[in-house]
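K.L.:
If you scroll down you'll find the structure; I have some questions about it.
The values are calculated or read from the model by the stated rules, or taken from the named source; none is laboratory data. Remember, predicted model here, so these are calculated numbers, not experimental data. Cβ atoms come from the backbone with ideal geometry, glycine included; neighbour counts cover every protein chain shown.
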Amino acid sequence: MDAERAPTLVPAVDRAIQILNIFESGEEMLGVSDVSRRLDLNKSTVYDILNTLAHYGFLERDDTTKKYRLGSSLFHLGNMVGARLNLSDVARPHVRDLCAQVEETVILGTPTLDDHILIVDVAEPELDMKITASVGRRLHHSAGAPGKIFHAAMPRTELAGLLERKPLRAFTSRTLTDPEAYIESLEEVRRAGYAVDDEEYLEGVRAVAAPVVGRGGLVVAVLYAVGFSSRLTPERMRMLTRLVPATARRISEQLGARAYPAWNGQNSA
């Protein structure tokens with residue numbers, strides 16, 4: 001077996017991270033000369049990296065002193081990590097309880113910055129035949145019922161822009177791929193408070209999804225139950241449309257949501 005090799009680092013990225021790490025020392029403001037001296041880098045390189053980090057909001061430049069402080073992008077990313085950790089802790093017992101109750105696979109997913117759905121928790125029933133999923137797997141933004149939930153929570157203009165950049169994908173013959181028709185179909189999701197996937201993502205598989213709402217009133221995650229169509233009869237699907245939203249509501253309440261569900265940042269009954 002080959003010895004474990006050290007990771008290959010991209011020099012520019014490595015330097016940018018070293019610059020951000022300097023602020024761990026507690027100094028609020030640093031100038032080009034400060035960073036250049038501490039990292040033994042030429043000022044031109046430091047200046048370019050600082051400007052790039054400021055462009056993306058990871059640093060902020062004071063026009064009077066010409067020095068830099070940590071920017072709001074880091075604050076937002078930190079909040080996302082904290083929220084995700086808190087979300088998993090709060091949701092985990094509910095995910096397992098719902099799985100035991102419905103005897104189907106139950107999944108919790110969160111949105112990513114690059115427009116995917118990240119699976120952060122999974123509970124699977126003790127059945128020989130079941131849908132399996134792995135924590136850490138990333139799904140396309142329009143993947144079945146969970147995709148509908150996140151799309152329903154987006155302003156129409158923002159969603160239209162997303163679908164133009166990253167079009168709907170035809171996963172099965174039942175997938176709706178016309179953007180206008182798809183956007184119109186989300187009105188029913190908003191009205192009902194949940195989304196249904198009838199073999200639109202995987203053939204022979206159905207799912208019911210509901211939004212998880214955070215303290216700020218925004219949809220922060222999706223909870224969904226998924227199983228084989230042969231098991232998910234109309235009667236069992238009706239059961240899921242009751243139990244999945246009810247569980248998502250309980251998780252939302254524990255996260256501090258004032259009302260449920262919430263679409264476009266506005267609470268609605």
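K.L.:
Return yes when residue 253 is modelled with pLDDT under 95, in the same structural domain as residue 89 (by TED's automatic domain parsing) and within 22 Å of the chain's Cα centre (by Cα) and no when it is not. Show your work before the answer.
P.N.:
Details: modelled with pLDDT under 95: yes; in the same structural domain as residue 89 (by TED's automatic domain parsing): yes; within 22 Å of the chain's Cα centre (by Cα): yes.
Yes.
K.L.:
Can I ask one more? Take region 49-59 and flag every residue that is part of a helix (DSSP H, G or I) and either in contact (Cβ under 8 Å) with a residue 60 or more places away in the chain or surrounded by 15 or more Cβ atoms within 10 Å (Cβ to Cβ) (or both). Steps first, answer last, please.
P.N.:
Of all residues in region 49-59, those part of a helix (DSSP H, G or I) come to 49-55.
Once the filter is applied, which keeps residues that are part of a helix (DSSP H, G or I) and either in contact (Cβ under 8 Å) with a residue 60 or more places away in the chain or surrounded by 15 or more Cβ atoms within 10 Å (Cβ to Cβ) (or both), region 49-59 yields 49, 50, 53, 54.
K.L.:
Sticking with this structure for a sec: Taking only pairs six or more apart or across chains, which ones have beta-carbon atoms under 6 Å, a first residue in region 164-179 that is modelled with pLDDT of 95 or more, and a second residue that is exposed (fewer than 13 other Cβ atoms within 10 Å of the Cβ) and part of a loop (DSSP other than H, G, I, E, B)?
P.N.:
Taking only residues 6 or more apart or on different chains, the pairs are 172/203; 177/170.
K.L.:
Something else now. Of the residues 238, 174, which is loosely packed, with under 15 Cβ neighbours inside 10 Å, touching an Asp or Glu at 6+ places or on another chain (Cβ under 6 Å), in the same structural domain as residue 88 (by TED's automatic domain parsing) and of a type outside the set (Gly, Ala, Ser)?
P.N.:
Values: 238 fails: touching an Asp or Glu at 6+ places or on another chain (Cβ under 6 Å).
Every option except 174 fails the conditions.
K.L.:
Would you mind telling me which numbered condition in (1) free of Cβ contacts under 8 Å to residues at least 24 places away in the same chain; (2) more than 23 Å from residue 249 (Cβ to Cβ); (3) not β-branched (Val, Ile, Thr) residue 138 fails?
P.N.:
Exception for residue 138: condition (1).
K.L.:
Return yes when residue 156 is in contact with a strand residue (DSSP E or B) (Cβ under 7 Å, 6 or more places away or on another chain) and under 25 Å from residue 212 (Cβ atoms) and no when it is not. Let's see the steps before the verdict.
P.N.:
Numbers: in contact with a strand residue (DSSP E or B) (Cβ under 7 Å, 6 or more places away or on another chain): no; under 25 Å from residue 212 (Cβ atoms): yes.
Against the criterion (in contact with a strand residue (DSSP E or B) (Cβ under 7 Å, 6 or more places away or on another chain) and under 25 Å from residue 212 (Cβ atoms)), residue 156 does not qualify.
K.L.:
Pairs please, first residue from region 183-198 and not assigned by TED's automatic domain parsing to the domain that holds residue 238, second anywhere and of a type in the set (Asp, Glu) and surrounded by 15 or more Cβ atoms within 10 Å (Cβ to Cβ), Cβ atoms under 9 Å, 6+ apart in sequence or on different chains.
P.N.:
Pairs found: none.
A quick yes/no check of all residues on (1) farther than 20 Å from residue 210 by Cα; (2) outside the structural domain of residue 179 (by TED's automatic domain parsing); (3) basic (Lys, Arg); (4) touching a helix residue (DSSP H, G or I) at 6+ places or on another chain (Cβ under 6 Å):
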{"residue": "132", "(1), (2), (3), (4)": "no, no, no, no"}
{"residue": "137", "(1), (2), (3), (4)": "no, no, yes, no"}
{"residue": "140", "(1), (2), (3), (4)": "no, no, no, no"}
{"residue": "143", "(1), (2), (3), (4)": "no, no, no, no"}
{"residue": "151", "(1), (2), (3), (4)": "no, no, no, yes"}
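K.L.:
Out of the residues in region 85-109 that are modelled with pLDDT of 95 or more and polar (S, T, N, Q), state the one that is farthest from residue 138 (Cα to Cα).
P.N.:
Here is the first cut: in region 85-109, the residues modelled with pLDDT of 95 or more are 91-109.
Keeping just the survivors that are polar (S, T, N, Q) gives 101, 105.
Numbers: 101: 26, 105: 17 Å.
So the residue we want is 101.
K.L.:
Would you confirm, using the coordinates I've provided, whether residue 206 is out of contact with any Phe, Trp or Tyr (no Cβ under 6 Å at 6 or more places or on another chain) and surrounded by fewer than 15 Cβ atoms within 10 Å (Cβ to Cβ)? So that I can check it myself, show each step before the final result.
P.N.:
Values: out of contact with any Phe, Trp or Tyr (no Cβ under 6 Å at 6 or more places or on another chain): yes; surrounded by fewer than 15 Cβ atoms within 10 Å (Cβ to Cβ): no.
So residue 206 fails the test.
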